[in-house]
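Let me begin by presenting the structure, written as structure tokens, before commenting on it.
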């Protein structure tokens, strides 16, 4: 407010928008001067908070009551002239530390318990509800937003969104320059849509120009020249020159027609590549004069200097001069994007090193955003239970199916579910009559049949191992080639340097592998490590009898029947008699796996 230009700017915006209520945060002017600014801006009433960092101005409101006037907020109650309808407005200017903001959150929760009318809360909270709202700097952990989110839920407030430039409400670290002269049209949605569509148009126009430039192979064209009559005439002439209408064979005969030209070309190159070694008279080469002198030869053998290399490289066209890797400069500059770890790819965090909770903030943020749109006070326990089962627990499923998040991430998810289910009472959470762990059990055991996030994660790991062992897919072949090239999957351990996805699967192997039963057809499964005899892997039952870990069952099958002599040489008599009763299917088909728990043999998450 110290700037005259800013004051006139505010006055202009108040006039053209017919503002009835105006709030200014941190005016940087002593609050004793608020009366002069009220007259300058044309308002009838004004109010400053206790520390002078919040100024409020309003017009034409007969009944006004100040509910709270504190250092971090002002709350005012407005009534219509007849006193029938009331509405509350709170202007916030929060402190910078979590400890100091605690007083603000408590005050807002106290006010919310006495309000039943519409309530609008706005201002600078100095906090965020989504880690994505912070750009640059150290990553913002999702648990730091917990107090702010809890207060919004306890007060029954919903985020109405924002219209305008993101930089006006998002926290940006290391922001050096902030534009001072913003035109009024710059904040309207129509202007943003126009700029967005214009950017797309320029992008596609540039791609079209680049394509046409490559086709014409003319370097001196500039912006706009691609739409000229001369340019298109050059393009048409080049297309005509590239068309082959007729060719002349070795007998000087003209050949026309696409099919005839194709046959002649094939015949010519067949004769050329099948030609024997020609007889060359080396004496004829002596007739060629020597055009390169000794000085020229020394210059050609000389190593190039830096200036020569620079001139050659800088003279290359961007879409020409393919390098040793097969790509030109355009691909390396425009198409190969560089990313820093960690980053999110297909919904999963990609990182180097140990897992951190901050890498999985997106999973928690999805749940928090969905919770912000619901009014927990208006829902019964049954309604909350349905929402948790059908909506909230389905949001992190994709990430849980690919990788196992840290324990802290699972804890945050369960904490949000728990708080949403039990709700809030006055300035704190309602009493939790049962722990969340006891709620996530079947109804006959005293729970409400909500799935535990830990169990979901383990179940999805078992499902991933089932697909790895039984499905024929590119992903399964890749994982087997990378980790199980020489070792059976049942005995391959996770070592340092292996991917977290492989560790995620190996941790579930002891649950999945005993329930995978292989049915014998051609005998393609492993003799010792696959569970095909319903008693478990033979290598575990009879470790002293294992001679070759890679032996297949087909080695003990002869003509569609069991080779009893070979079985007796490898195994004890009682297990041989048991194997003799196992049926053998079609020898033309591979062995297949069934899930031993279900009746139809198909894997289900509920059975796991």
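The values are calculated or read from the model by the stated rules, or taken from the named source; none is laboratory data. Keep in mind it's a predicted model, so treat the numbers as computed, not measured. For neighbour counting, all protein chains shown are included, and Cβ atoms are generated from backbone atoms with ideal geometry for every residue, glycine included.
Quick look at the numbers
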| read-out | value |
| --- | --- |
| Residue match in region 64-85 (condition: in contact (Cβ under 8 Å) with a residue 60 or more places away in the chain and closer than 30 Å to residue 369 by Cα) | no |
| Restricting region 342-398 to residues that are surrounded by fewer than 12 Cβ atoms within 10 Å (Cβ to Cβ) and in a loop (DSSP other than H, G, I, E, B), the residue that is nearest to the chain's Cα centre (by Cα) | 346 |
| Qualifying residue in region 551-572 (condition: surrounded by fewer than 16 Cβ atoms within 10 Å (Cβ to Cβ) and touching a residue at least 40 places away in the same chain (Cβ under 8 Å)) | no |
| Candidate set from region 586-603 (those that are part of a loop (DSSP other than H, G, I, E, B) and in contact with a helix residue (DSSP H, G or I) (Cβ under 9 Å, 6 or more places away or on another chain)); member that is nearest to residue 518 (Cα to Cα) | 591 |
| Among the candidates 143, 110, residue that is in the same structural domain as residue 23 (by TED's automatic domain parsing) and either over 16 Å from residue 68 (Cα atoms) or surrounded by 13 or more Cβ atoms within 10 Å (Cβ to Cβ) (or both) | 110 |
| Residue within region 571-591 that is in contact with a strand residue (DSSP E or B) (Cβ under 6 Å, 6 or more places away or on another chain) and closer than 21 Å to residue 490 by Cβ present | yes |
| Residue ID - surrounded by the fewest Cβ atoms within 10 Å (Cβ to Cβ), chosen from residues in region 434-451 that are part of a loop (DSSP other than H, G, I, E, B) and touching a helix residue (DSSP H, G or I) at 6+ places or on another chain (Cβ under 7 Å) | 446 |
| Counted residues, region 515-538 - those being in a helix (DSSP H, G or I) and either loosely packed, with under 14 Cβ neighbours inside 10 Å or in contact (Cβ under 8 Å) with a residue 40 or more places away in the chain (or both) | 1 |
| Residue in region 37-44 that is within 15 Å of residue 123 (Cβ to Cβ) and either assigned by TED's automatic domain parsing to the domain that holds residue 115 or surrounded by 12 or more Cβ atoms within 10 Å (Cβ to Cβ) (or both) present | no |
| Residue list for region 469-493, restricted to those being in a helix (DSSP H, G or I), over 20 Å from residue 595 (Cα atoms) and in contact with a helix residue (DSSP H, G or I) (Cβ under 9 Å, 6 or more places away or on another chain) | 475, 479, 480, 482, 483 |
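Conditions (1) at pLDDT 80 or above; (2) farther than 30 Å from residue 209 by Cβ, marked per residue:
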position	(1), (2)
224	no, no
242	no, no
247	yes, yes
255	yes, yes
260	yes, yes
266	yes, yes
271	yes, yes
288	no, yes
304	yes, yes
